[in-house]
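First the structure, in the form of structure tokens, and then the observations on it.
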Amino acid sequence: MSEEEMFKLLLRRLGLSPYEASAYSALVRYGPLTATELGKITHIPQSRVYDVVSKLVKKGFVAVSGGNPSVYRAIRPSVALRAYSEEVARSLSSVAAKAAEIGESLRGLLPPLEDARIWSTTSLSTTVYEMASLLSSARVEVLAALSLDAFQRLQRDLQAASERGVSVCLVTYDALPPQRYLDEQFERRTRGPQILVADRQEMLIATRWDPAREQAYTFTTSNQELMRVFVEYYLMVARGMAKPVYTRFGSEVTERSFIYLQRAVSLVRELWRNRMRVEVLVQGVDTRNYEPVEVSGIARKVYIDTKRGVTSLYVRTDKGLVSVGGWGAYIEDIQANFIHVRGVPRRG
């Protein structure tokens, strides 16, 4: 394929019609031409030439010199194509924003459904937008394991979530300076999957993250059983076997809400190290009858068995000592679905 043919092909990919691409290419190559001359060179029907060059003038590709006959010349490609691409981008952005607004309103007409299916995509840009959407929807807690590239793409969204009071735990697969807006930051030098869990509503896993090709194999789901498996992997392996980099627990953060007990216990222990009394509110289910239950009291002790993957929190309530377990607990008195922890300075 010649350079001229490649040039016309690229112009068509930018949205020009075949006649518009041929006319502009001819004007670039041969210089100023009349409509008659342009028609002869490009074999555009004479009845169509004026319409074609008029559209090119409106799109900023061609300038016209009045006279009898009129003469047309190409705007320099580096100027015309840059201006045109910016105009197309602005137009597409505006159209996309309006379409998104209408689409979301249509989506809102559907009743929420329990959806245990797994959805996949291979577009990296779509994946990043999905991750940003998950971060913006989080209200209590975010678990994230990210490569450096993924972190850089999502840094503002992670910070925005933190500033809303969401407890964000980040594990990075590359070295990263402390991000002091995060509640917890860990480092684990490996090539792991991108993981993002927002509260207990939805999870995203992305493998084969390839910025050069703008490609990633991404899976999203609200399937609670599958989410539980990956959350356990995250808490026990990705976070549990990682090197701590930074935490605000116990120093800057003395009160926080959690979905996952293991991280609530981390805050409890840090508050104890700072000689604080720890008040706890737990919402969950009674493991004996699976009825909803809520208890509040003072954290008395924790039990952690990393080999068995067990974490328990014991809370002194007005009815006695209550044991609290995490997702899937059956040995403890309560399976916690929400935990609020508050550190109170001891008197004296």
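The H on the amide N of SER123, modeled in the peptide plane, is under 5 Å from the matching H of ALA216, each at least 5 residues off or on a different chain.
Against the chain, whose longest principal axis comes from its Cα atoms, helix 46-58 is set at around 40 degrees. This model, with +1 at the C-beta of Lys and Arg and -1 at the C-beta of Asp and Glu, gives the stretch 3-79 a dipole about its Cα centre of some 200 debye. Highest GNM mean-square fluctuation among THR287, THR306, THR247, for the chain modelled with Cα contacts below 10 Å: THR306. When ILE102, ILE298, ILE205 are sorted by how many other C-beta atoms sit within 10 angstrom of their C-beta, beginning with the fewest, the order is ILE102, ILE298, ILE205.
Ranked from highest to lowest mean number of other Cβ atoms within 10 Å per residue, what is the order of the peptides 312-319, 335-342?
335-342, 312-319
Note on LYS301, LYS98: ascending count of other Cβ atoms within 10 Å places them as LYS98, LYS301, the fewest first. Determine the dipole magnitude for the chain: charges of +1 sit on the beta-carbon of Lys and Arg, -1 on that of Asp and Glu, nothing else is charged, the reference point is the Cα centre, and the result goes in debye to the nearest 20. In total the dipole reaches around 820 debye.
Between TYR246 and GLN185, the built amide H atoms are under 5 Å apart, and every one of these is 5 or more places off in sequence or on another chain. Derived scalar couplings between HN and Hα for the stretch 280-295 equal 10, 10, 10, 10, x, 10, 6, 6, 7, 10, 6, 8, x, 8, 9, 9 Hz in order, rounded to whole Hz, by the Karplus curve 6.51 cos²θ - 1.76 cosθ + 1.60 (θ = phi - 60°), x for Gly and Pro.
Of the residues VAL293, SER266, LEU321, the one whose Cα sits farthest toward the positive end of the charge dipole of the stretch 254-324, with +1 on the Cβ of Lys and Arg and -1 on the Cβ of Asp and Glu, is SER266.
So what's the angle, to the nearest 10 degrees on a 0 to 90 scale, between helix 77-107 and the longest Cα principal axis of the chain? Value to nearest ten degrees: 50. How much of the calculated P(r) for the stretch 170-272 lies past 18 Å, in percent of all Cα pairs? Result: 55 percent of Cα pairs exceed 18 Å.
In this calculation the C-beta distance from MET241 to ASP149 is compared with R0 = 30 Å, giving a FRET efficiency of 0.85. Annotated for the chain: lysine pairs at least 8 residues apart or interchain, Cα distance under 25 Å, count 12. In the chain, the DSSP-assigned H stretches of four residues or longer account for a calculated mean residue ellipticity at 222 nm of -12000 deg cm²/dmol, using -39500 (n - 2.57) per stretch and the full residue count as denominator.
I want the antiparallel fraction of DSSP beta bridges within the chain, as a percent rounded to 5. Spell out each step's value before the answer.
Details: 65 of 78 bridges.
Here the share of antiparallel DSSP bridges comes out near 85 percent.
The trypsin sites (Lys or Arg not before Pro) of the stretch 192-252 meeting both criteria, a DSSP state outside H, G, I, E and B (loop) and at most 13 other C-beta atoms within 10 angstrom of the site's C-beta, are ARG213.
When you restrict to C-alpha pairs under 8 Å that are six or more residues apart and normalise by the size of the chain, the relative contact order lands at 11 percent. Placing unit charges on each Cβ (+1 for Lys and Arg, -1 for Asp and Glu) gives the chain a dipole about its Cα centre, and among GLY250, GLY15, HIS340 the Cα reaching farthest toward its positive end belongs to GLY250. Computed over neighbours whose Cβ is under 14 Å from that of THR190, the net charge equals +3, Lys and Arg +1, Asp and Glu -1. The value of relative contact order for the stretch 255-345, using C-alpha pairs under 8 Å at least six residues apart, is 39 percent.
Reducing the stretch 254-324 and the stretch 142-188 to their Cα centroids gives an inter-centroid distance of 25 Å.
With each label modelled as a point 7 angstrom along the Cα→C-beta vector, the SER93-ARG180 pair spans 3.2 nm.
The label point for GLN215 and the one for VAL285, both projected 7 Å from the Cα toward the Cβ, are 4.2 nm apart. The distance linking the stretch 53-105 with the stretch 331-348 is 61 Å (Cα centroid to Cα centroid, whole angstrom).
Give me Rg over Rh for the stretch 3-79, both radii from the alpha carbons and Rh done the Kirkwood way, two decimal places. Write down the numbers at each step before the final one.
Numbers: Rg = 11.2 Å, Rh = 12.2 Å.
That ratio equals 0.92.
Relative intensity of the chain on a log10 scale, I(q)/I(0) at q = 0.10, 0.12, 0.16 Å⁻¹, equals -0.73, -0.90, -1.31, per a Debye sum over C-alpha point scatterers of equal strength in the absence of solvent. Normalised by the number of residues in the stretch 141-284, the mean separation of alpha-carbon contacts (under 8 Å, six or more apart) gives a relative contact order of 22 percent.
Values in this text are rule-based calculations from the coordinates and carry no lab data. Keep in mind the model is a prediction, meaning the values are calculated, not measured. As a convention, Cβ positions derive from the backbone with ideal geometry for all residues, glycine included, and neighbour counts pool all protein chains shown.
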